[in-house]
There are 2 protein chains.
Amino acid sequence: MDDRRRLLQQKGCIVWITGLSGSGKSTVAFAMDRILNSMAKVSYVLDGDKIREGLCKDLGFSAEDRRENIRRVGETAALFADAGLIAVVSFISPYKRDRDIVRELVPTGNFIEVFMDVPLEVCEERDAKGLYKLARQGVIKAFTGIDDPYEKPVNPEIVIKAVNEHGACYSPDEMARIIIHHLSEKGFLSDRVDGWNLPQNPGFVSRQDPLVGPNPPELRSYPGEAEAGVSSKAGLSRSGETSKFYGRGPDRNFATELASAGEMSGTPPTSAWSGQQAWMDAL
Amino acid sequence: MDDRRRLLQQKGCIVWITGLSGSGKSTVAFAMDRILNSMAKVSYVLDGDKIREGLCKDLGFSAEDRRENIRRVGETAALFADAGLIAVVSFISPYKRDRDIVRELVPTGNFIEVFMDVPLEVCEERDAKGLYKLARQGVIKAFTGIDDPYEKPVNPEIVIKAVNEHGACYSPDEMARIIIHHLSEKGFLSDRVDGWNLPQNPGFVSRQDPLVGPNPPELRSYPGEAEAGVSSKAGLSRSGETSKFYGRGPDRNFATELASAGEMSGTPPTSAWSGQQAWMDAL
């Protein structure tokens, strides 16, 4: 396992992106995959398109089949994480119990739950695939958010809102970098094991993404951190530490704090920089 | 996909190792994994231990469940190959039809079937897990080779015999290097796409395994090639090319030719070098 970590200079994990249809899960997942690749990090996206036509093509959409679908996706993601990859999973996965089962498949801390906290009204207004319309017409039954429940994560590692406090949409890359920065902070993008530096593998040399910043242990806070005024309403992450996000936008510095889900409800993330790209267009 | 290949400097594929219980499938698989890792190549072993207790823990050993087991393993391996990894699968997978279904899941040529051509008598004599004894006693029903058939591959990419023409056992590393050399010859261990060199990724630098030899396109034949006398009974591989193996033993050069399964029956591979390690002890 250490050999694998030394080779890839990263630590395998599952980034589990959950949220309503149209909340931008896959958009963020593929943006992450692209940015990580540019950083010489190895990730792989598992989403409905890949799974439903292959591994789970024998399954339908009954409650039982949905549960089995998520179970298999979770087991597969756990194999990818064991292989040392950053497995990025993009599934509605509406039931808390099913997500918690997957969390238990990997070592503590290696499951990063990302909640796309986008209101139903926004998702339904986007309706890029026309599914909400069909669900409202009753053509699609048991559609999550319409006539089937979505159970919000109680204490996810990361919450991503559709818009910042100024009402501006985040771009896919901005959202992806929030998650990647978390991975970086938690040591998933380096080969440090339990605080010790493994002997450097001369074969692989990590590269930095200029917007995500350097990898640990050289993690710096940017000048924008103080001026952006990190909120005092910091949520506690699972480990009891304050969960923060420091990053840098294309034209000026910014710092965003990600609070835990409970405290985030109705409280857009603090940000001194407003995204300019229309994210909804990218869906 | 090219990004991924450039990053990893390898081409994803499935190495499917099939054979009777006790034929050495997992031993070879893990030896491959270790050697590839030392070459800075990224592989992952899928075997019964990982799959039966996770992804397929809902399945038993009925004919139908065995088929579904192999289907899921195949779909998962195809995802790993799509992710750019060398997926090394070690399953008895006794039915030709099931293996052929997996072959179709990946692009032509990216499924490398490896037949562990070890006679039942040898496997039963080893009986490392004591399963053959239980099968003979009737405690285990429908055991492959005893009271359930094993359908030999008709035209596998690689056949590995238990012993060379001198009756000496191959070591796990020797067998692994036969497969790795095939991967190298077929271009899976480089980032060349359709004969073109992609721009070198400065992040990753491949390393050579001293016993496998350099990667393409610098593949050399060793001095031992001629003296070892490559057999004229060359089997044709699927692509119509002669399938050969050039390698180098720890103390002298050797060349081994791998004929196709049909021609291999009863014909040990030509080798000028006899393995010294007792492979069976390693099981």
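When all C-alpha to C-alpha distances in region A:2-161 are sorted into bins of 10 Å, what percent of pairs does each bin hold, rounded to whole numbers?
The calculated distribution, bin by bin, is 11, 39, 36, 12, 2, 0.
Copy-to-copy spacing for A:Glu125, label 7 Å out on the Cα-to-C-beta vector, in nm, shortest first?
Distances to the matching label points in the other copies: 7.7 nm.
If packing is taken as the mean number of other Cβ atoms within 10 Å per residue, what is the order of B:95-103, B:68-76, highest first?
Working: B:95-103: 17.0, B:68-76: 23.1.
So the order, starting with the most tightly packed, is B:68-76, B:95-103.
Shielding of B:49-56 by partners, i.e. mean partner chain Cβ atoms within 10 Å per residue? Don't skip to the end; give the middle numbers.
Values: counts 0, 4, 2, 0, 1, 9, 9, 2.
Averaged over the peptide's residues, the number is 3.
If each label sits 7 angstrom from Cα along the C-beta direction, how far apart, in nm, is B:Lys141 from its counterparts in the other copies?
3.8
Which ³J(HN,Hα) values, rounded to whole Hz and listed in residue order, are derived for region B:49-57 from phi using the Karplus coefficients 6.51, -1.76 and 1.60 in 6.51 cos²θ - 1.76 cosθ + 1.60 with θ = phi - 60°, glycine and proline given as x?
Using θ = phi - 60°, the values come out as 4, 6, 8, 5, 9, x, 3, 10, 6 Hz.
Relative to the other copies, what are the label-point distances for B:Val154, with labels 7 Å from Cα along the C-beta vector, expressed in nm at one decimal and sorted shortest first?
B:Val154 label point versus its equivalents elsewhere: 5.6 nm.
Sorted by mean Cβ packing within 10 Å, highest first, what order do the peptides A:24-32, B:49-57 take?
Working: A:24-32: 23.9, B:49-57: 16.7.
For the peptides A:24-32, B:49-57, the packing ranking is A:24-32, B:49-57.
Per residue of B:75-82, how many C-beta atoms from partner chains lie within 10 Å of its own C-beta, taken as a mean? Show your work: numbers first, answer last.
Values: counts 9, 7, 0, 3, 10, 6, 0, 3.
Mean shielding count: 5.
Laboratory data are not the source of any read-out in this text; all were calculated from the coordinates shown. Everything numeric in this text was worked out from a predicted model, so none of it was measured. Cβ atoms come from the backbone with ideal geometry, glycine included; neighbour counts cover every protein chain shown.
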